[in-house]
Amino acid sequence: MGETAVLLEGALDVTVKPIDVLIQKLREVSQSQEHIIAAIHKENEELSSISKSGLIDVFSAASVYQQKLVQLKRDMYTVTERTDRVKQRALKLQQRRLQLRAEEESKIRKQLEQERSLMAVDATEATAAQSHSHHTLSPPSSSVVTVGSMTPVVSPLPSTTSTSSS
């Protein structure tokens, strides 16, 4: 029987220790459940002590706030759309201003070019007219030039007539 007792004792050691651990864990779980049940019972008592009208007020206020939130979101969406349209319009206006400015600068450049070409034409006509008048008329021998404050100075003009005459 000694061998049977050793085997029985070994089997008990193998099974008793895990069973003791399981029993300990079950006690811990039972204690945790008792604490949770006590907390839930306490919350139930607190909720039952609150008047139903108070809860109704809280829920109606929440409903009002939710409606305000929805309206605020709509307003924000509308403002965002308006802002986007204003930005697009401003961009178009800026592009138009730049285009008009470029057109104006182009017109000014063309006018300046026309004036320059007209001046060049006038200058060539004037030099042609002067060269034609040199042959027929003799230039004055002096001209009056005003220097400073109203003091006339007579200065001789250089001779432009040619020495060969036919």
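The values are calculated or read from the model by the stated rules, or taken from the named source; none is laboratory data. Bear in mind the structure is a predicted one, so any value in this text is a computation, not a measurement. FYI the Cβ positions are ideal-geometry reconstructions off the backbone, even for glycines, and counts take in every protein chain you see. Surface accessibility is based on the protein's heavy atoms, side chains included, excluding ligands, DNA and RNA. Shrake-Rupley method; radii C 1.70, N 1.55, O 1.52, S 1.80 Å.
Does VAL153 meet the test of being at pLDDT below 70, surrounded by 10 or more Cβ atoms within 10 Å (Cβ to Cβ) and more than 60 Å from the chain's Cα centre (by Cα)?
In short, yes.
With (1) within 38 Å of the chain's Cα centre (by Cα); (2) modelled with pLDDT under 95 as the list, and GLU81 as the residue in question, which single condition is left unmet?
All conditions are met except number (2).
Output the number of the condition that SER49 fails; it satisfies all remaining conditions of (1) at pLDDT 95 or above; (2) open to solvent by 80 Å² or more (accessible area, probe 1.4 Å); (3) small (Gly, Ala, Ser).
In the conditions (1) at pLDDT 95 or above; (2) open to solvent by 80 Å² or more (accessible area, probe 1.4 Å); (3) small (Gly, Ala, Ser), SER49 misses (1) alone.
Can you report the number of residues in the range 108-137 which are at pLDDT 80 or above, open to solvent by 100 Å² or more (accessible area, probe 1.4 Å) and not acidic (Asp, Glu)?
The total comes to 7.
Would you mind stating whether VAL6 is among the aliphatic types (A, V, I, L, M) and at pLDDT 95 or above?
Considered against the rule, which asks whether it is among the aliphatic types (A, V, I, L, M) and at pLDDT 95 or above, VAL6 comes out as no.
Within the range 52-73, can one find any residue that is modelled with pLDDT under 80 and in contact with a Leu (Cβ under 9 Å, 6 or more places away or on another chain)?
The answer is yes; a qualifying residue exists.
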